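*Asks:* Please find one structure pasted underneath; my questions will follow.
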Amino acid sequence: MQILEKDYQVNSVRKAIDAGVNSIIALPTGGGKSICILKLCQAMPDKKVVVSLRNAALVPQLLHTLTVNGLSVSVVKSGYKYVAGGDVTLVMEQSFGRRKHLNIQCDVLLRDEYHVGCMGGVYIAMREELSPELVIGLTATPIDRLGVYIDQSMELIEETTTKLLIESGELAKPVYKVPRLSQEIDYSAVKMYRGDFSVSGLDLILLEHCSLVAQQTVDNALSKGRKVMLFANSINHVEALSEAFHLLGIKHERVHSKRSIDDNDESIRRYKSNEVRLIINMSMLTIGFDDPTTDCVVLARPTKILRLYLQIIGRCLRASKGKKDALILDLAQCISTHGFAEDYRDFTRKTAKSAAIMSERLSVTNIGQFVDGEFGYSESIERKVIKKKPTVRRIKSRPKPVSSKRVVEKASSKRDEALLRLNPKMEKLVSTIELVNAVYEQQNESYKMLDEAAMVKLVALMGFAYSDSLADNCTNLVEGLHEQNKSIGGLLQRVSTLITAIAKKELVG
């Protein structure tokens, strides 16, 4: 079977091999990690390659991909007979400890879903036992629960983004809906645990709103023919939601750890075969679940974990024949916390405090104007790159400009529109400032914030004296002040002084 690999997949594989050091290939959900694994194996025919997997459902899928492309494969997993000597060895990580006696040879270790358990004892013990020369991880989210880059010892390789794959048609175009009632639920009193809301604390609120979630899911998705994955908070929440859908007469399936493996497998089979169009789960289908016909995810629980949010919304973004778009129905204020699928995210943040700046909340600061209606990324306040206009030759004689209220208002309106068309460097700066403001506001330290008027003046000022390095330096300055818990209120004056100094230097020159 001929695999039609994409440029970003080829480039990712080449860079990982050429780097000569341990690395992580970051590919958005649906970006083709299996193809990258195949190409990595094919590119190193003289190496003993071991592929470590944590999701049992991926074993037959990857086994098929490798064997139909001419590679012999040994499998280390219960239910499979191990035959040594394959070009590639697939290993279920959880099963490895019981099979050390197999003495598996490993020059290169490939690990799928690298963000899961990469600092855990099971993986570390397996890695020490195999002693590979090279480790290459693959994941859509190379960050930990706090948003920090998952393994500073490994080089990050990122050849594409979710936005680029959506624009090229490789992923389905997301549409978003934020019902007003769901935005009015107050989660402020819920305690935090390991960087996220307490499960038991959330249940006290969410279990009271199951009928609302069920009705919103029916009205906005199921009644329109969509195929829905709903993500709940706990097993109790899954069961309560199941009862709410049952009362509405909606056929559905549910999956959680207190059900038997056979029952869960049968529920997944019925969903994938379209016997039902709704499946409710807590976290079992967050990673590695592949059903391209799913065209809606329902966020029925809030989360502070960016990684979890990205994995969830990725479940509906895979492209499929006849699939027009993918609805992300937010019933738990997740979009206003983490932004859109298309937002650019810098995965290289090294500290938890700076990682808070990573979430691209800039594009959803005006989320209120979209409440109760479907909208897309382009309809949000997306910033676009300002194209430089060609130089216009001045006319020797021009009529004297006449000021009027209408002209002034028109000019003001155009300035407002111009501020929305920022280039990526400026967008990152503005996003960083807004997020730092949000942190200080939550800490009741509003005196450290940069107010809205100063923000507008700053953007306008930098628009006249723009350079990428200036924007980068300003962004670094804001992050540095935030790291030291210092005020960013004087930023406008500092930038103004800097630009004045630069202008004077250029005039003298």
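Read-outs: derived from the displayed coordinates by stated rules, not from any lab. Please read these numbers as outputs of a predicted model, since none were measured by experiment. Here Cβ is always computed from backbone atoms with ideal geometry, including for glycine, and neighbour counts include all displayed protein chains.
*Asks:* Kindly provide the trypsin sites (Lys or Arg not before Pro) of region 203-269 that DSSP labels as loop, not H, G, I, E or B, and whose Cβ sees at most 13 other Cβ atoms within 10 Å.
*Replies:* Passing sites in region 203-269 are K251, K258.
*Asks:* I'm spelling it out carefully: the read-out is Rg/Rh (Cα atoms, Kirkwood Rh), the candidates are (1) 1.01; (2) 0.95; (3) 1.12, and one was derived from this structure. Which label?
*Replies:* Step by step, Rg/Rh (Cα atoms, Kirkwood Rh) for this structure corresponds to label (1).
*Asks:* Okay, moving on. Which of the pairs K323/K350; K48/K173; K428/K448; K81/K227; K227/K304 have their Cα atoms more than 31 Å apart in this structure?
*Replies:* Table pairs above 31 Å Cα-Cα are K323/K350; K48/K173; K81/K227.
*Asks:* Okay, next question. Amide H to amide H, which residues 5 or more places from A326 or on other chains are under 5 Å from it, using H placed in the peptide plane?
*Replies:* K173, V175
*Asks:* By counting other Cβ atoms within 10 Å of each Cβ, how are L247, L306 ranked from fewest to most?
*Replies:* Least to most surrounded, the residues fall as L247, L306.
*Asks:* In addition: Calculate I(q)/I(0) for region 150-251 by the Debye formula, one identical point scatterer on each C-alpha and no solvent, and give its log10 at q = 0.12, 0.17, 0.19, 0.20 Å⁻¹ to two decimals.
*Replies:* -0.63, -0.97, -1.04, -1.07
*Asks:* Now for a separate question. Quick one: net charge around E239, please, counting Lys, Arg +1 and Asp, Glu -1 for every other residue with C-beta under 12 Å from its C-beta.
*Replies:* Cβ neighbours under 12 Å give a net charge of +1.
*Asks:* Out of every Cα pair in region 7-160, what percent are spaced more than 25 Å from each other? Display every interim value, and only then the final one.
*Replies:* Numbers: 2559 of 11781 pairs.
Across region 7-160, Cα pairs with separations above 25 Å total 22 percent.
*Asks:* Starting at the first residue of region 317-322, write each ³J(HN,Hα) from the Karplus equation 6.51 cos²θ - 1.76 cosθ + 1.60 with θ = phi - 60°, in whole Hz, x for Gly and Pro.
*Replies:* Using θ = phi - 60°, the values come out as 8, 5, 6, 8, 4, x Hz.
*Asks:* Same structure, new question: Note the angle between two axes, namely the Cα long axis of helix 261-272 and the longest principal axis of the Cα atoms of the chain, as a number of degrees from 0 to 90, rounded to the nearest 10.
*Replies:* 50 degrees
*Asks:* Still on this structure, please answer the following. If the viscosity is 0.890 mPa s and the temperature 25 °C, what translational diffusion coefficient in µm²/s does Stokes-Einstein give for region 198-274 when Rh comes from Kirkwood over Cα pairs?
*Replies:* 185 µm²/s
*Asks:* According to a simple spin-label model (label point 7 Å from Cα along Cα-to-Cβ), what is the distance in nm between A453 and Q215?
*Replies:* Going by the 7 Å Cα→Cβ label model, 4.5 nm.
*Asks:* Another one. Taking the beta-carbon count within 10 Å as an exposure proxy, list C316, C474 from fewest neighbours to most. Let's see the in-between values first.
*Replies:* On the way: C316 30, C474 23.
If I rank by nearby Cβ atoms, fewest first, I get C474, C316.
*Asks:* Please report L308, L110, L164, L285 as a ranked list, fewest other C-beta atoms within 10 angstrom at the top and most at the bottom.
*Replies:* With the fewest neighbours first, L308, L110, L164, L285 line up as L164, L308, L285, L110.
*Asks:* What number, in percent, do you get for the relative contact order of the chain if the mean sequence gap of Cα pairs under 8 Å and at least 6 apart is divided by its residue count?
*Replies:* Values: 781 pairs, mean separation 69.3, N = 509.
Worked out over the chain, it gives 14 percent.
*Asks:* Would you kindly derive the ³J(HN,Hα) couplings of region 431-444 from the backbone phi angles with the Karplus curve 6.51 cos²θ - 1.76 cosθ + 1.60 (θ = phi - 60°), listing them in order in whole Hz, with x for Gly and Pro?
*Replies:* 4, 4, 4, 5, 6, 4, 4, 4, 5, 5, 5, 5, 8, 6
*Asks:* Within the chain, which is the longest segment containing none of the GluC sites (Glu not before Pro) that sit in a DSSP loop and have at most 13 other Cβ atoms within 10 Å?
*Replies:* With a cap of 13 other Cβ atoms within 10 Å, the longest stretch comes to 276-444.
*Asks:* Which net charge results for the neighbourhood of V76, defined as the other residues with beta-carbon distances under 10 angstrom from its beta-carbon, given Lys and Arg at +1 and Asp and Glu at -1? Kindly include the intermediate steps, with their values, before the conclusion.
*Replies:* Numbers: positive: K77, R98, R99; negative: E93.
Charge balance in the 10 Å sphere: +2.
*Asks:* If you don't mind, another one. For region 45-143, which trypsin sites (Lys or Arg not before Pro) are in a loop by DSSP, counting at most 13 other Cβ atoms within 10 Å? Present the calculation step by step, with values, prior to reporting the outcome.
*Replies:* On the way: sites: K47, K48, R54, K77, K81, R98, R99, K100, R111, R127; in loops: K47, K48, R54, K77, K81.
Filter output for region 45-143: K81.
*Asks:* Turning to a different aspect of this structure: If amide H atoms are built 1.01 Å from N in the plane of the peptide, which residues on other chains or at least 5 residues away come under 5 Å of the amide H of V76?
*Replies:* Amide H neighbours of V76, under 5 Å, 5+ apart: L90, V91, M92.
*Asks:* List, in order, the whole-Hz ³J(HN,Hα) value for each residue of region 303-316 obtained from phi through the Karplus relation with A = 6.51, B = -1.76, C = 1.60 and θ = phi - 60°; use x for Gly and Pro.
*Replies:* Calculated HN-Hα couplings, in order: 8, 9, 8, 4, 4, 5, 4, 5, 5, 5, 5, x, 5, 10 Hz.
*Asks:* So, one more: Please give me, ordered by residue number, the trypsin sites (Lys or Arg not before Pro) of region 275-340 that lie in loop per DSSP and have at most 14 other Cβ atoms within 10 Å.
*Replies:* Values: sites: R277, K304, R307, R315, R318, K321, K323, K324; in loops: R277, K304, K321, K323, K324.
Of the trypsin sites (Lys or Arg not before Pro), the ones in loops of region 275-340 whose Cβ has at most 14 other Cβ atoms within 10 Å are K321, K324.
*Asks:* Continuing with the same structure: Taking K and R as +1 and D and E as -1, what net charge do the other residues with C-beta under 11 Å from the C-beta of Q105 add up to?
*Replies:* Computed value for this residue: +1.
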